[in-house]
Amino acid sequence: MTTVALKDVTKVFPDGTVAVDNINLDVNDGEFMVLLGPSGCGKSTVLRMVAGLEDPSSGAVLLDGELANDLPPRDRGIAMVFQDFALYPHMTVGDNIAFPLRLSGVEPGRRSERVTDVASALGIGDVLARKPNQLSGGQRQRVAMGRAIVRRPGLFLMDEPLSNLDSGLRAELRAEISGLVRELGVSTIYVTHDQAEALTMADRVAIMRKGVLQDVGTPTQVYGRPATLYVAAFLGSPRMNLLEASVYVHLDRYIALNLGEQSLYLPWDDIRSRAVARYHGERIVVGMRAEALTPVAPDAAGDVLQGRIRYLEHHGHESLAFLDIGATAIVVDELSGALSGPSAGGGRLRRFGRVMQRITGRGQDAAGGPPEERPGSSRISVLNDPGRHHRRPAELAVRLAPYPAVSAGHPLAISVRMDALHFFDERGDRIDVGWR
C-alpha cells in the first residue's frame with residue numbers, strides 16, 4: 001500500500017510551458033484516483049512526476065509521507081502501464097510478464113508460478129507462448145497489466161491504458177481493471193480524457209484544465225455539484241445547459257431568474273437562495289442538466305419553460321430535443337472551439353465579459369477596472385479574459401422517449417427541477433460552492 005501526496009507541485013518545461021501549476025492532491029491507501037481532463041491539461045505530467053520520470057520544478061512529491069523528489073524510479077515501488085503497451089516484441093507473453101521478476105532476481109520456479117497466476121486472472125493463460133504481434137489489442141493490454149501486477153507494487157500508475165481500443169473492449173476492460181485493482185487493494189492513479197472511464201471506475205476524480213486542478217471529489221460530487229463552470233460543461237452527455245440569467249430578489253418571497261423572455265423562481269426557503277441573492281441586479285450563469293428537465297402539458301403549473309424544437313437527435317434508447325426558449329447560452333471556448341470561427345456566427349457572438357459586467361459595480365476595483373486574479377487561482381475572470389466564453393442563442397437539451405411524435409418546429413413545455421439547478425459567477429466559480 002502506498003499513499004501519495006502532491007504539495008504545491010509545479011512543472012515548467014525549459015521552453016517556459018507551465019504544464020502543471022501549483023497542484024495539491026492526496027491519494028489514500030487503496031484508493032482508485034482518476035486524473036481527468038482534455039489532452040494537454042498536464043495529467044500525464046503529474047503521473048510522470050509521481051513515477052520519477054519527471055522532476056517537479058517546485059513543490060514536493062511524498063510517498064508514504066516521505067519526500068520522494070530525488071528518489072530514483074526503481075526505488076519507488078511503482079508499476080506503470082502505458083498507453084502504447086510498451087511490450088518487448090521479441091519476447092513471448094510469458095517472458096514479457098516475467099521480465100520485472102527476472103530483473104529482481106526472483107528464482108525461475110517461483111517466477112513461473114506467479115506469471116501463471118497473473119495470466120490466469122487476466123484471461124490470457126492460453127497465450128503465454130505467443131509473441132505480442134500475434135495478439136489482439138485487448139490481449140496486449142492485458143499483458144501490459146500482467147507485467148505491472150506481477151511485481152506486486154505498492155502503487156499503480158496507468159496512463160490512458162484503454163485509449164487505443166475500440167469502445168466495446170474499453171467497456172469490458174475498464175470493469176476488469178477496476179475490479180482487479182480493488183481486489184488487490186493497491187493505490188492507483190489512472191489518467192484518462194474519457195469521462196465515462198472516470199465516472200465508472202474512480203473512487204475520486206481530479207479534473208484538470210491547463211495544468212490547474214479544477215475540482216476533486218467522488219464521481220457523484222463532481223457531477224452533481226461541479227466546483228467551476230468548466231467542470232460543469234466538461235462532465236455529462238449531453239453537456240449541461242448553461243444559460244445567462246439576470247437576478248432579481250423579492251425579499252422573503254423568491255428570487256427571479258430571468259432567462260431572456262422567460263423566468264424561473266427560486267424559493268426563498270431554498271438553502272442556496274442567500275448565496276444567489278447577493279447578485280441582485282446582476283447576471284450569473286444558471287446550469288441545468290437534461291435530467292432536470294421533463295416535458296409537460298403546456299398549461300402545467302410550477303416552474304415551466306416554453307420552447308420550440310429546433311432539431312432532434314435520435315440515439316436509439318432515447319431522443320434529444322434542442323429547444324429555443326428565447327434565452328442566451330454561455331459556451332466555454334475550450335470545449336467548443338468552433339465557436340470562435342466564422343461558421344459559428346463570427347461577429348454575432350458578443351463576448352461574455354461584456355455581458356457579465358455587473359450593474360452595481362461589484363467585482364471592480366476603485367478605479368473601475370476588473371478585479372485582480374487571485375495568485376495561483378484556477379479561475380479565469382471573464383472580465384479579465386473576455387474571449388474565454390461566448391454567448392449564443394440557447395439550445396436547451398431535453399431527453400425524450402425514443403422517436404417521439406414531435407419534429408422540428410413543434411412547441412414543447414418543460415418542467416424544471418429547481419433543486420437541480422447550478423449557479424456560477426462571472427469568474428466561473430460555483431456560487432453555492434459550500435453546499436455539496
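The values are calculated or read from the model by the stated rules, or taken from the named source; none is laboratory data. It should be emphasised that the depicted structure is a prediction, and the values quoted were computed from it without experimental measurement. Glycine also receives a Cβ, built like all others from the backbone with ideal geometry; neighbour counts cover every protein chain displayed.
The table below lists the values:
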{"item": "Filter result (under 20 Å from the mean Cα position of the chain (by Cα) and assigned to a strand (DSSP E or B)) within the stretch 268-290", "result": "Val285, Val286, Gly287, Met288"}
{"item": "Neighbours by Cβ (under 7 Å, 6+ apart or cross-chain): first from the stretch 109-122, farther than 10 Å from Gly146 by Cα; second among the charged types (D, E, K, R)", "result": "Arg111/Arg102"}
{"item": "Odd one out for Ser163, checked against (1) within 24 Å of Phe32 (Cα to Cα); (2) outside any loop (DSSP other than H, G, I, E, B); (3) out of contact with any Leu (no Cβ under 7 Å at 6 or more places or on another chain)", "result": "(2)"}
{"item": "Number of the exception - Val81 against (1) at pLDDT below 90; (2) β-branched (Val, Ile, Thr); (3) over 22 Å from Ala202 (Cβ atoms)", "result": "(3)"}
{"item": "3 or more residues more than 20 Å from Asp303 (Cβ to Cβ), in the same structural domain as Leu25 (by TED's automatic domain parsing) and hydrophobic (A, V, I, L, M, F, W, C): qualifying strands (runs of 3 or more DSSP E) within the stretch 212-267", "result": "212-217"}
{"item": "Matching residues, the stretch 99-108, being free of Cβ contacts under 8 Å to residues at least 24 places away in the same chain and part of a helix (DSSP H, G or I)", "result": "Arg102, Leu103, Pro108"}
{"item": "So Gly30, is it surrounded by fewer than 20 Cβ atoms within 10 Å (Cβ to Cβ), in the same structural domain as Thr188 (by TED's automatic domain parsing), in contact (Cβ under 8 Å) with a residue 40 or more places away in the chain and not hydroxyl-bearing (Ser, Thr, Tyr)", "result": "yes"}
{"item": "Pair list, Cβ under 6 Å, 6 or more apart: the stretch 33-59 residue modelled with pLDDT of 95 or more, other residue among the small types (Gly, Ala, Ser) and assigned to a helix (DSSP H, G or I)", "result": "Val34/Ala198; Leu36/Ala198"}
{"item": "Candidate set from the stretch 12-23 (those that are over 17 Å from the mean Cα position of the chain (by Cα) and touching a residue at least 60 places away in the same chain (Cβ under 8 Å)); member that is surrounded by the most Cβ atoms within 10 Å (Cβ to Cβ)", "result": "Ala19"}
{"item": "Output for the stretch 31-66, where each listed residue is part of a loop (DSSP other than H, G, I, E, B) and touching a helix residue (DSSP H, G or I) at 6+ places or on another chain (Cβ under 8 Å)", "result": "Gly37, Pro38, Gly52, Leu53, Glu54, Asp55, Pro56"}
{"item": "The stretch 72-93: number of residues that are part of a helix (DSSP H, G or I) and either in contact (Cβ under 8 Å) with a residue 40 or more places away in the chain or polar (S, T, N, Q) (or both)", "result": "1"}
{"item": "Strands (runs of 3 or more DSSP E) contained in the stretch 361-430 and holding at least 1 residues among the aromatic types (Phe, Trp, Tyr) and at pLDDT 90 or above", "result": "422-424"}
{"item": "Matching entry among Ile207, Ile189 (being in a strand (DSSP E or B) and touching a Gly at 6+ places or on another chain (Cβ under 8 Å))", "result": "Ile207"}
{"item": "Filtered residues of the stretch 154-169 (kept if in contact with a Gly (Cβ under 9 Å, 6 or more places away or on another chain) and surrounded by fewer than 21 Cβ atoms within 10 Å (Cβ to Cβ))", "result": "Gly154, Asn164, Leu165, Asp166, Leu169"}
{"item": "Test for Leu157: is it touching a helix residue (DSSP H, G or I) at 6+ places or on another chain (Cβ under 6 Å) and at pLDDT 85 or above", "result": "yes"}
{"item": "Unique residue being outside any strand (DSSP E or B), crowded, with 20+ Cβ neighbours inside 10 Å and touching a Pro at 6+ places or on another chain (Cβ under 8 Å) when the list is Asn96, Asn69", "result": "Asn96"}
